[in-house]
Structures are given as structure tokens and as C-alpha cells.
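Single-structure report; data block below.
The values are calculated or read from the model by the stated rules, or taken from the named source; none is laboratory data. As the structure is a prediction and not an experimental result, all values here were calculated from the model. Neighbour counts run over all protein chains shown; Cβ positions are idealised from the backbone, glycine included. Note: accessible area is taken over every heavy atom of the protein model, side chains too, but ligands, DNA and RNA are not part of it. Shrake-Rupley method; radii C 1.70, N 1.55, O 1.52, S 1.80 Å.
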Amino acid sequence: AGGGDLSVPAPIVAVTDTGIQYDHPDLVTQMWENPGEIAGNDIDDDGNGYVDDVHGYDFYNDDGDPYDDNGHGTHCAGTIGAAGNNSIGVVGVAPRVRLMALKTMSSDGAGFVSDSLLALNYALSFDVGVSSNSYGGSGLSASREALRLALESPAGAGHLFVASAGNAGSNNDETPEYPCSHASANIICVASTNASDLLSSFSNFGELTVDLGAPGSMIYSTGLGDSYEYRSGTSMGTPHVAGAAVLLKALYPNMTSTELKEALLESGTRLEALSGMVASGRRLDVLSAVTYASRFTFVRIVNEESFTLEDGESYELHLEVGSRLLAEGAYAAAVQIDDGLLRIPVTLNVSGIPMLNGSFPSAVSLSAAVGNTSQRTFVIGNTGTGVMVVDASVSPGGVISASTEIEIAAGEEKEIQVTCAPDSWGTQTAVVRFTLNTPENSVYDVEVTCTGQLEASLVASPASVHVDSFVGDDAVLTTVIFNHTGPTTSYRATIDDGSGRRLQASGPAVTRHVFERGSDGGPGRARRVQVNEKGSKRQSRILIRWSRSAGTEVQLQQLQSLQGVTQSIRLEYCDIDVLDVYPSDLQAALEALQSDPLVEAAELDAEVSIGEAPNDPGLGNLWGMQIIGAFEAWVAGGGDSSVPAPIVAVTDTGIQYDHPDLVTQMWENPGEIAGNDIDDDGNGYVDDVHGYDFYNDDGDPYDDNGHGTHCAGTIGAAGNNSIGVVGVAPRVRLMALKTMSSDGAGFVSDSLLALNYALSFDVGVSSNSYGGSGLSASREALRLALESPAGAGHLFVASAGNAGS
């Protein structure tokens, strides 16, 4: 956001601690130097009462060399202001800083309040605005009270004193820790948080007396002997906050101590873990603090502040008003001459600019049975900086209606519903006009078609079937006649045996139709592919769900009329169609399908990637198996060994099915013969012995990344075989469904094909360690597939993602 005015010296921060190793490679360029002192001459050159105080002073030993002999102060100094962009070590919160070393503690980390007072007085004598104070003690003595009085003195009141809350894991509201617990307006008391944004286990807390959380667990920073080390404590959280305060001072030198405190506390990130534990309920957020602080300095004097005038003379004081960091709102300040002799108010009004995220379609088709309704939801996002006002009007009105005016705050989104409520059979059309207060493209017209349909009715004769049979009798053939009235509707018969499974006669998992282009390059005729004949190489894909009123012939006719559709893959179990389309025709085909009343949903395919965390040391050794109680679960029961082991579909980068710990665990397709290049079981896939490779469209789902093999091992690596590891469920059959490439990327359409394949074998559970942000209907299609009759009985286990969000 900015590094401050480089024409003025970097701000000074006083590090009141065990000293600083001021010749550390990452600190040597960051050290404050006393401009009035000459090093090593044993003379108090500047007359401040301290000899050779070049980088600060050692108050514990009363000499001019505040060199660290413990490491604590050096670690804190690195967190505040270690040099950046120097190709070594670490970088501090505020790399543009000058570090003043004030040693008040011995090599064992102990000291006296009196030395802390001397150090504070020294810092104030150089007009230092911020100090880092990672020390404290319980109980109130007069010496600690003296520190509070010093901070409330005229000079001390302008100084921000950042202090640590303590490491006893106790409540400072009940057992105060000083100086942190002093109720002074210019003290910030800091608790420690960990990498999971939780309060560190050792950290003191206090809803009334502790102000803010900051990272303090396992903090990496500068150490003694040019080293770097991890340390934990509220002592480590304190320099994060002190560094943030100095960063604000670099940007806005005129900020007061109370303004600094307000900016740091009010801009922090709210955490549920800190609610009731610290007064603000927040964790330090430096970027937000920079933005928040801009409100205190929206007006600046840019020429000489001091001037002398004789009778009749005038002086032009130049003001800079505003900042690119200011949020929407009204701001007020004043130019003051000689503490109130003359006061000139300055006000600023900043208006936000709303911005539409995305666009509206040109046309929408809705349909519903007469007397019922259907809706289309428009999700409208505001990515701008001001409030967006959206008004929806319908012309002509009648069976089509829309939500009225809504307001959307910056960074938020809301929904507007367009409703189709047909009162008769047939189609009616209206235009819904969306009017926005955005600076450009503020009016969007959407043509909405509302089609009224008659209710479909289906009657079975007989209404139930009952058969009496004796042991050894052959099966009896019986017939059920279905009588249909109403619009053309597609039905599918399945068997429900009460188990929640969908049973049907064997048949292809997918049905493919290749569309041959006409001689003019336009649409041609459809040709059904009986076996696993591949269409043209995938260019782009659209995922669609047909309405129940669209029969197969009607569907094919609709697709034949579309330019650029090369293949349709019907997922029989997911009730989804995957269309391969030439890229140049993709958008036109999508819009045509979205406006087709026979299409319930049509969206573009989307890319997904594997959900893998960083490969850091120490994540193994099967600690997860112990903590979830897998071993105890095996003892409790291993299932009925007289029936085949259950199948789990591993939808991933494939599985190395010849791995020694997996080879006995692999599922084998009972209807397929390996390597004969024939679709033996007629399911639409050739040589799918252990599963299928949907990414490359072949029968070999061998892993070329490792992610899927790793997941497969966690699920079901063999047990009691004297090698490697054991899975959570060692009695299992692993179905390998490869949907991603060697670099861990894939498409939702292939995930749908894999799900459909698994459902065709009545697989009850799948492992899906992949994902992507944002909701497109290709991901919506996956939801629809899981809510289909076959999908509803399947447990789909998915990863949450690794963005920490």
C-alpha cells in the first residue's frame, strides 16, 4: 500500500528488551544511530547524560553497548524490522525502520522496572513514537504504577507502548500482568495466536485488559550469532504489533498514539476464538490497518508549516486533501494555527463506485405446469466500493414478475428472483429490465419466456404386482401397463428393493452419439455409437440436464440443430448429458441451450485440481490413523467376510494398481477381460478392468502423479502383510477412476463421467480430493447428478480446499 515518504528519515522504534545484536546481517542496516554521538571516544558528545550511546543504551549494566547476550531482544527486533530484499534470512513487519536498542534485562532475561523507566525516558528524549516491550510481571507495586504515571505524562502520552500479555495461560482481568494491564490510553496489550488463528495455549487473555491478538507461536526470526530461530510467546506477538505501528508511522508521520491504537484495534480480523478473550475480539491485520489509518491523515500540509508574517503580508499554506486508501464516507479535520488562535475546518466526502460482477443473459426460458410457478435466480455481486442499487421492472406484466429494488453493499452479493406463473397452456414473453446505479452499462434487458404446461399423469395397471411361488419354481413373467396423459414426458423404470440402491437390468453406463457435420460444415445427422468409439478429441464441453418433457428423439433433434456439437455423451445414472463442442461455436451453443425451454440447466465445463497440502516434513507416521481411532475400529468388527468387500471409487489422478501395498486391494470388473480391446460387459468402456481413465479416455487408470495412489493407500492399503502402511479400511476394493492429468488438473465433466461409472456398479462411496472455487453450473451439474435417483444413494466425500479460507 505504500512505504511512506522516502524524503524523511525512517521512523524509530525502541526495542526495550535484552538488547539487540546490532551487527546481525539482517539487522545491521536497520539500526538507529544517534546523530550527536561519536562512537568509542568515551565522551557524552550530545550531552544527554549517556556516553557512547550510538545505537541506544544498556541500562542494566549502565554502559553504551546494548549488545544482546540472550537472543530474546534480537528475535523481537527481527520481527519488527529485519531488512527486506537482501537475499538473506527473514523480513520484518516494517522493513523501513530504525531500531533503537534499549537493554534493560540481563542475559537470563530478568530486569527492573526502574531500568524500563530509564529506557522509556531515553526514547521520549528522542521523540520516539513507538516502543516494543516484551516483558512483565504480576502484582501491582509502586514501581509499576510509576511506569503508568510516566506514560500519562505530557511527553509519554504521545508515545504508543506495545506490551506482552504474559505466558501463564491465565486471565489478566483476574490476575493483572503489568505493564500490560495498566488502563492507559496509549498501551496496547497483546495476546498470542497460532497458525490456526486460535489463541495460543500459553497466552494470557482478558476481555477487559488484553486488547489484541497477534502471531506468537513458533515465530521464525533473527537469533544470536547471525542465526535464525523459532521462539514462542506473547513476547513474539508484541513486536508484530509494534512493527505494524511503525509501518503506520512511516506512512502517516503525524498520527498520534491514540490514533495508532484505534487503527490497529479496529482494523483487525475478527476471530471467533478471540471473542471474549481480548477486548477487540480481533487478530492484527496490517493491510487493513493501513487502510483504516488513512482516515486520520486525509489532509496534509505539503509546504512549510511554520511562517512569520509582517504587517500586510500573507502566506499560502498548501494542503493535500484525500487519499486513494480512503473508504467511502465523510471525513472532517481542521487546520489549526498556534493551538487554537485560528481554526479552519476541512471536510471531505468520498463516494464509492458500485461495480457489477459479471453480466445478465440476453434471454431466459422458464416453464411450469399451469397453476404452478418456476423461478430463475439472478445472483448479483458488487465488486465496487459503493452501494449498488438494482431495480427490476417487467414489461408487460402478468404471468412474469421480478423482485423489486434491492441495495447491495460493496463486496457483497444478493439474489433477485424472476418468476413464471402460467395461468394457461402456451408461451408468453416479457422483458425484465434491470437498472443499476453503476457508472457504465447501467441498464440490462432480459427477454423472459414463460411456458405453461399441462400436468402429466401416469397410471399403472395393475397398481401392484404380487406373485406366489414355491421353492425351486422358475421366475414368472408379468406385465404392467402404464397409461399416460398430458405433454410428452420421458420416464425410466427402476427397481427399488428397499435397500436404497437403484437396481436395473445391465446396460451401458453411457450412450454416445456422434454428430457428423453436413457437407456445408453445418449441422448433420446423429449416429449412435454402440461401443466405446471415441468422438473427436475434446475441444470444449457443455453439461446439460434435459427437462422431463424432452424425449430422446427430441433431444437429438435439438442437438442436431446446433452448430459445432460433435458428440453427446448420455450419463445414464447421473441424468446428465456431456456435449463436445468446437471452441468457435461454444458460446452460441451455450446460449441456445440456456434459452431452450426443454433444457433444465446448461453450463460450461470447469477445471478442477487436486486438493494437496504442502509436502512438509513430519506429516506422516500415520498419526491420523491413531487420532481417528481406526485401529480400535478394526478390533470392534471387520464386517461379514462371507460377502465381497465393499467398493470405494477413488476419483483422482488414478492409482498405481501394481503397488505392493495396493495390488491385492484393487477392484476387478467381473464382466471385463483384460487386453482384448473389446467392451465385454457392454457398458460403453473397453478394457475397464480396474476402473477407467476418463481424462485420456482409455481403460488404463494408472497413476502418473502420485496423489491418487496416496489417497488410495490411506483408504485401503493392505494390512498384516509385513510391508509399508495400512489403510483405514483394509478390507476394501479400490476402483480407480482417473479424472486428472499428471499435473493434477482436470474437468468437472470427467468427474461426472466417473461418478456415473461408479453408480453403474452400485458403488456406495467415493473419495474426491479435488475442487475449485466459484460456482458454475458445471459444478451445479455435479450437484444435480448427486441428487438424481441413482446419485442420492451414494456418499460423495470431498476435500474442503487448502487456501486457508
Inset, instruction - Could you tell me the number of lysine pairs in the chain with C-alpha atoms less than 29 Å from each other, where the two lysines are 8 or more residues apart or belong to different chains? - result: 5
Legend entry - For the chain, with +1 on Lys and Arg beta carbons and -1 on Asp and Glu, the positive-most of Met388, Phe59, Ser288 along the dipole: Met388
Legend entry - Cysteines without a disulfide-compatible partner [the chain; Cβ-Cβ under 4.7 Å]: Cys76, Cys574, Cys711
Inset, instruction - Take every Cα pair under 8 Å in segment 235-361 that's 6+ residues apart, average their separations, divide by the length, and report that relative contact order as a whole percent. - result: 16 percent
Inset, instruction - Tally up the carbon and sulfur contribution to the accessible surface of segment 649-786 as a whole percent, 1.4 Å probe, everything protein left in place. - result: 54 percent
Legend entry - Percent accessible area from carbon and sulfur atoms, segment 301-435, protein chains only, probe 1.4 Å: 47 percent
Legend entry - Sum of side-chain charges, Ser134 neighbourhood, beta-carbon under 11 Å (Lys, Arg +1; Asp, Glu -1): 0
Inset, instruction - Would you please put 186-194, 737-745 in order of how densely packed they are, using the mean number of other Cβ atoms within 10 angstrom per residue and starting with the highest? - result: 186-194, 737-745
Legend entry - Coil-residue chymotrypsin sites (Phe, Trp or Tyr not before Pro) of segment 256-307, DSSP, other Cβ within 10 Å capped at 14: Phe307
Inset, instruction - For Asp703, Asp108, Asp46, give the ranking by accessible area with the largest first, probe 1.4 Å. - result: Asp108, Asp46, Asp703
Legend entry - Among 413-426, 589-602, 680-693, 90-103, the order from most to least packed when residues are scored by Cβ within 10 Å on average: 90-103, 680-693, 589-602, 413-426
Inset, instruction - Provide the gained length on full extension for the span Glu591 to Ile678, in nm with one decimal, where the gain is 0.36 nm per separating residue minus the Cα-Cα distance. - result: 27.5 nm
Legend entry - Computed over the chain: relative contact order in percent, which uses C-alpha pairs under 8 Å that are six or more apart: 7 percent
Inset, instruction - Specify which labelled value, from (1) 95, 64, 61; (2) 112, 79, 52; (3) 80, 72, 51, agrees with Cα extents along the principal axes in Å derived from the coordinates of the model shown. - result: (2)
Inset, instruction - May I ask you to derive the relative contact order of segment 82-232, considering only C-alpha pairs under 8 Å and at least 6 residues apart, and to give it as an integer percent? - result: 17 percent
Legend entry - segment 158-201 - percent of accessible surface contributed by carbon and sulfur, probe 1.4 Å: 46 percent
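With every protein chain left in place, what is the accessible area per residue of the chain in square angstrom, probe 1.4 Å?
48 Å²
Loop only per DSSP, at most 16 neighbouring Cβ atoms within 10 Å: give me the trypsin sites (Lys or Arg not before Pro) in segment 307-395, ordered by residue number.
Loop-located and lightly packed - Arg324.
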Inset, instruction - Calculate the spin-label point distance for Tyr582 paired with Ser153, positioning each point 7 Å from the Cα along the beta-carbon direction, and give it in nanometres. - result: 8.5 nm
Inset, instruction - Could you compute the FRET efficiency for His466 and Gln417, with r as their C-beta to C-beta distance and R0 at 41 Å, rounded to 0.05? - result: 0.30
Inset, instruction - Compute the distance in nm between two label points, each set 7 Å from the Cα along the Cα-to-Cβ direction, one at Ala183 and one at Leu208. - result: 0.7 nm
Inset, instruction - Subtract the Cα-Cα distance of Ala330 and Asp197 from 0.36 nm times their separation in residues, and report this length gain in nm to one decimal. - result: 44.5 nm
Legend entry - Glu305-Thr377 pseudo-label distance in nm [points 7 Å out on the Cα-to-Cβ vector]: 5.5 nm
Legend entry - FRET efficiency, Glu787 to Val346 (Cβ-Cβ, R0 45 Å, nearest 0.05): 0.15
Legend entry - Residues Ser87 and Thr479, FRET efficiency given R0 of 60 Å [Cβ-Cβ distance, rounded to 0.05]: 0.15
Legend entry - 14 Å beta-carbon shell around Asp173, net charge (K/R +1, D/E -1): -4
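Net charge near Ala244: determine it from the other residues with C-beta under 12 Å of the C-beta of Ala244, scoring Lys and Arg +1 and Asp and Glu -1.
Net of charged neighbours comes to +2.
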Inset, instruction - Return the inverse of the average 1/r over all pairs of distinct C-alpha atoms in segment 246-340, which is the Kirkwood hydrodynamic radius, in Å to one decimal. - result: 15.7 Å
